[in-house]
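The structure appears right after this line, and notes come after that.
Since every read-out is calculated from the coordinates, none of them should be taken as a lab result. Bear in mind that the values here come from a model prediction, so they are computed numbers and not experimental data. Positions of Cβ are backbone-derived with ideal geometry, glycine not excepted, and every protein chain shown enters the neighbour counts.
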Amino acid sequence: PTVIQEELDLIRSLGYFEEFGVKILPLQVRLCSDRLSLIKECLSWLPTNYKQSAKLLGLAHLLKVAGDDQMERKGQVLILLVEQALKYHDYKAANMHCQELMASGYSKSWEVCSQLGQSEGYQDMVVRQQLLAYALTHCPPSAIEMLLAASNILQTEVCRNFLKPYLLPD
């Protein structure tokens, strides 16, 4: 029944594509080897599609993104959602998904966590520090120096904001 279930999931996925405004033939879905690219297609179709995370995760499940590895599937989709949210400066949505990625320990998310942590438009300094700390913990050695520099700049900004009321005006 696995083959039958896969076909049923493929048929059910077509309704999701329609909801996201993506016009795609069943054969195109079946022949697509990179199923994550179909999620990207949904995200690119309408600017607000990234806000429908539950539906996108459901679609990724039906499409068997990352095979049977549910953690990998969820991680890949959430990274796409963070990237899209950052593109539209929706820091609240980006943070929500980054928190979920960090809680699950999905180490491949270090880069999007770093991007949000370095976003000057995002005003929550404490969360930004946590994001950079997570990125530092999970990044490859080649990124450590850059992330330490960004973390130091943020720490300096936090200290400056804390001391601002106590400093004499120029």
Tally, over the range 88-100, of residues that are surrounded by fewer than 19 Cβ atoms within 10 Å (Cβ to Cβ) and over 16 Å from Asn49 (Cα atoms): 2
Failed criterion for Ala85 (all others in (1) within 28 Å of Val126 (Cβ to Cβ); (2) of a type in the set (Gly, Ala, Ser); (3) in contact (Cβ under 8 Å) with a residue 12 or more places away in the chain; (4) surrounded by fewer than 20 Cβ atoms within 10 Å (Cβ to Cβ) hold): (4)
Breaking point among (1) without any contact (Cβ under 8 Å) to a residue 24 or more places away in the chain; (2) over 22 Å from Met102 (Cα atoms); (3) surrounded by 14 or more Cβ atoms within 10 Å (Cβ to Cβ), for Leu10: (1)
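Per-residue answers, yes or no, for (1) of a type outside the set (A, V, I, L, M, F, W, C); (2) under 22 Å from Gln52 (Cβ atoms); (3) touching a helix residue (DSSP H, G or I) at 6+ places or on another chain (Cβ under 9 Å):
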position	(1), (2), (3)
Tyr106	yes, yes, yes
Trp110	no, no, yes
Ser119	yes, no, yes
Val127	no, no, yes
Ala133	no, no, yes
Thr137	yes, no, yes
Ile144	no, no, yes
Ala150	no, no, yes
Val158	no, no, yes
Subset tally (residues that are within 19 Å of Leu81 (Cα to Cα) and charged (D, E, K, R)) for the range 96-140: 4
Residue count, the range 117-162 (criterion: within 16 Å of Lys92 (Cβ to Cβ) and either of a type outside the set (Asp, Glu) or assigned to a helix (DSSP H, G or I) (or both)): 11
Residue within the range 64-74 that is within 30 Å of Pro26 (Cβ to Cβ), surrounded by fewer than 16 Cβ atoms within 10 Å (Cβ to Cβ) and of a type in the set (A, V, I, L, M) present: yes
Qualifying residue in the range 39-50 (condition: surrounded by 12 or more Cβ atoms within 10 Å (Cβ to Cβ), within 14 Å of the chain's Cα centre (by Cα), assigned to a loop (DSSP other than H, G, I, E, B) and of a type outside the set (D, E, K, R)): no
